[in-house]
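Structure first, commentary second.
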Amino acid sequence: MNSTFKFVPLLLVSAALAACGTPSSTIDPLPTGVTPTAISGTLNGWTGGAATVALLADDTRAQGAGNPALSTGTLNADGSFMLALPGAEQVKPFLVPAADLFVASNPNCLGQFTSSNAAAQGFVAYRLDVQKNGASVMSAEPFSFTDASDAQNVNGTVVNRFWVYSDQATVLGGQQTCSASANGVITGLQAKMNANLHAGWNLMREVSTLNVVRGSSTASITVALQSSDDASGPWEMQSLGQQSVTAAHVAPYLPR
């Protein structure tokens, strides 16, 4: 996309929820060296018949002259699809400094993410535009949610998957600490980066962990942004222009 990925707190907790102690945010490096050539998967719940999926230069805006589709693929009636990742020349006009690929939109953040190679630039692929008869009908997002809540605690883990292009090898690192308030609950957010990017396409993932004790006015969330060697996982349908937030998917952080 031609703008950096912005992470924003979504539906974190309700006024009845509260936090427990801050969970560990240590990141163990994952295997690197995987070079994906395509994005593929199955869109859960799709019943719209044959259609098209498109990777737009900016997945937050409608396709147009200033926001072209960098690649398209067929969405089959059963929800399965495959889309080839664009080449270097196609993404070149939309590259941003690698250190700025993942940026918090929350103004109350301290710290920064870094790139070991200051000259490296990159592009992040995440949402796909679902099109029927030439018109956008919804977005497809690659994320999963695991709910481990009980009577005393709300525990959940959200995993988002990214395809990241870098024009040069670099290592992304650093951390950010943020605070946000919603529904009477103050939430402390800690994000750490650890990604080893080679030149070309790479896989990354974001693991967001929420552990909340019901009944107090504070909460804690940790986010790990890291290299990955596995792009498999579910794809979920989302309304146009909206982010993933449903009763079944508590998503503390999502790109925008």
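Here are the numbers for the structure shown:
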read-out	value
Filter pass, Val103 being over 25 Å from Thr177 (Cβ atoms) and either out of contact with any Pro (no Cβ under 9 Å at 6 or more places or on another chain) or among the charged types (D, E, K, R) (or both)	no
Within the stretch 161-170, considering residues that are of a type in the set (A, V, I, L, M, F, W, C) and surrounded by 18 or more Cβ atoms within 10 Å (Cβ to Cβ), the one nearest to the chain's Cα centre (by Cα)	Phe162
Residues that are part of a loop (DSSP other than H, G, I, E, B) and either in contact with a Cys (Cβ under 8 Å, 6 or more places away or on another chain) or not hydroxyl-bearing (Ser, Thr, Tyr) (or both), drawn from the stretch 35-55	Pro36, Asn44, Gly45, Trp46, Gly48, Gly49, Ala50
Considering residues of the stretch 137-151 that are more than 19 Å from Asp58 (Cβ to Cβ) and of a type in the set (A, V, I, L, M) only, the residue surrounded by the fewest Cβ atoms within 10 Å (Cβ to Cβ)	Ala151
Residue check for Val171: at pLDDT 85 or above and either closer than 20 Å to Tyr126 by Cβ or touching a helix residue (DSSP H, G or I) at 6+ places or on another chain (Cβ under 6 Å) (or both)	no
Residue count for the stretch 60-108, restricted to those that are touching a Ser or Thr at 6+ places or on another chain (Cβ under 8 Å), more than 13 Å from Gln131 (Cβ to Cβ) and of a type outside the set (Ser, Thr, Tyr)	17
Neighbours by Cβ (under 6 Å, 6+ apart or cross-chain): first from the stretch 110-135, within 11 Å of Pro97 (Cβ to Cβ); second polar (S, T, N, Q) and part of a strand (DSSP E or B)	Ser115/Thr170; Asn117/Thr170; Ala120/Ser166; Ala120/Thr170; Gly122/Ser166
Sole residue being of a type in the set (A, V, I, L, M) and surrounded by fewer than 20 Cβ atoms within 10 Å (Cβ to Cβ), chosen from Val154, Val103, Val158	Val103
Boolean, Asp58 is part of a loop (DSSP other than H, G, I, E, B) and surrounded by 15 or more Cβ atoms within 10 Å (Cβ to Cβ)	yes
Residue list for the stretch 58-81, filter: modelled with pLDDT of 95 or more and under 19 Å from Trp235 (Cα atoms)	Ser71, Thr72, Gly73, Thr74, Leu75, Asn76, Ala77, Asp78, Gly79, Ser80, Phe81
Yes/no for Val8 being crowded, with 20+ Cβ neighbours inside 10 Å, of a type in the set (Val, Ile, Thr), closer than 30 Å to Thr218 by Cβ and at pLDDT below 95	no
In the stretch 199-246, the residues that are surrounded by fewer than 20 Cβ atoms within 10 Å (Cβ to Cβ), at pLDDT below 80, at negative phi and in contact with a Leu (Cβ under 9 Å, 6 or more places away or on another chain)	Val213, Arg214, Ser216, Gln243, Val245, Thr246
Residue check, Asp28 assigned to a loop (DSSP other than H, G, I, E, B), at pLDDT below 55 and among the acidic types (Asp, Glu)	yes
Residue within the stretch 92-111 that is more than 30 Å from Ala151 (Cα to Cα), out of contact with any helix residue (DSSP H, G or I) (no Cβ under 6 Å at 6 or more places or on another chain), modelled with pLDDT under 90 and among the basic types (Lys, Arg) present	no
Filter result for Gly87 (free of Cβ contacts under 8 Å to residues at least 40 places away in the same chain, surrounded by fewer than 22 Cβ atoms within 10 Å (Cβ to Cβ) and within 24 Å of Ala169 (Cβ to Cβ))	yes
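The values are calculated or read from the model by the stated rules, or taken from the named source; none is laboratory data. Keep in mind it's a predicted model, so treat the numbers as computed, not measured. Note that each Cβ is placed from the backbone with ideal geometry, even for glycine, and that neighbours are counted across all protein chains shown.
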